[in-house]
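The values are calculated or read from the model by the stated rules, or taken from the named source; none is laboratory data. All figures in this text were calculated on a predicted structure; none of them were measured in a lab. Using ideal geometry, Cβ is built from the backbone for each residue, glycine included, and neighbour counts are taken over all protein chains shown. Remember, those area values only see protein heavy atoms, side chains included, never the ligands or the DNA or RNA. Shrake-Rupley method; radii C 1.70, N 1.55, O 1.52, S 1.80 Å.
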Amino acid sequence: MAPKSKKKRPPVIAVDGPAASGKGTIARALAKHFALPFMDTGLLYRAVALNLWRWGGDPGDEFEALRACGELGFDLADPELRSEPVSVIASRISAYPSVRAALLDRQQEFARQPGGAVLDGRDIGTVIAPEAEVKLFVTASPEVRAVRRLKELEQRGMHAHYDDVLADIHARDDRDSTREAAPLRPAADAIVLDTSDLDVDAAIAEAVRLTEERLAKSWRTNRTNLG
Ligand code: C5P
């Protein structure tokens, strides 16, 4: 019988959570720390939204949103991807099952590459990579997230009011978590990381610690199962 391999496989790390929770920064830092390829899946939904916006398509029409998934070329450096109108359209069109289905393969192929991966989004631990060794659900209070979003907008030279940003965060949370297709929620085996009282460095350090702990556990379990 062939010897059972005890080699550690590069892991898949799923990072989910609401807007402005710090999940993007954390996911990027984890990818760097563990030397894994990284995918920001929100950019796929943003690219569809940007296509639709440029065509003048109707975000309220699922068929038009699906058409915007075809030929999904996008430039990661395009500042429009991060603009407010595109954020709002992305949140709306991501509720359509057909749009989610059209973007599924691309994300699952990325998650299944042999070298492991870190993906950040809303449904990575629940739909895209339920087999991920580590699932983090990064969250923070809506008020803290509104302050972060406001600072981010100011850094980009855009001005907004706290109350409007907070209202937008509540609306987006509501849309993301009440939609029928892949709603935003932690997977049953996700570790919830609340970053409300943590600065960026502390949040990253905690995410690395939790990930290392979970990986050690997963490798111990694998070894036991392999005998
Ligand atoms: O993460 P980001 O804010 O860039 O995502 C843009 C929008 O795409 C979100 O509002 C969310 O509704 C949607 N999204 C999603 N599933 C993902 C990633 C993003 O529904 N995996």
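Structural remarks
- Within the set A129, A187, A182, the sole residue that is within 14 Å of the ligand (Cβ to nearest atom) and on the phi > 0 side of the Ramachandran plot turns out to be A182.
- Sole residue being within 14 Å of the ligand (Cβ to nearest atom), among the hydroxyl-bearing types (S, T, Y) and free of Cβ contacts under 8 Å to residues at least 24 places away in the same chain, chosen from S98, S83: S83
- Residues being closer than 22 Å to I204 by Cβ and open to solvent by less than 40 Å² (accessible area, probe 1.4 Å) - total across region 145-168: 4
- Residues of region 95-125 that turn out to be open to solvent by 10 Å² or more (accessible area, probe 1.4 Å), touching a Leu at 6+ places or on another chain (Cβ under 9 Å) and under 23 Å from T139 (Cα atoms), as a count: 1
- Complete set of residues in region 51-80 that are among the small types (G, A, S) and over 19 Å from T41 (Cβ atoms): G56, G57, G60
- Across region 175-217, the number of residues qualifying as surrounded by 12 or more Cβ atoms within 10 Å (Cβ to Cβ) and in a helix (DSSP H, G or I) comes to 17.
- Residue that is modelled with the lowest pLDDT, among those in region 18-29 that are outside any loop (DSSP other than H, G, I, E, B) and surrounded by 23 or more Cβ atoms within 10 Å (Cβ to Cβ): K23
- Whichever residue in region 152-167 is at pLDDT 90 or above and within 16 Å of the ligand (Cβ to nearest atom) and, among such residues, is nearest to P85 (Cα to Cα): V165
- Test result for R172, modelled with pLDDT under 95, part of a helix (DSSP H, G or I) and open to solvent by 20 Å² or more (accessible area, probe 1.4 Å): no
- If you go through region 135-144 and pick out every residue that is over 14 Å from G17 (Cβ atoms) and either under 12 Å from the mean Cα position of the chain (by Cα) or open to solvent by less than 40 Å² (accessible area, probe 1.4 Å) (or both), you end up with 0.
- Residue within region 4-17 that is in a helix (DSSP H, G or I) and within 12 Å of the ligand (Cβ to nearest atom) present: no
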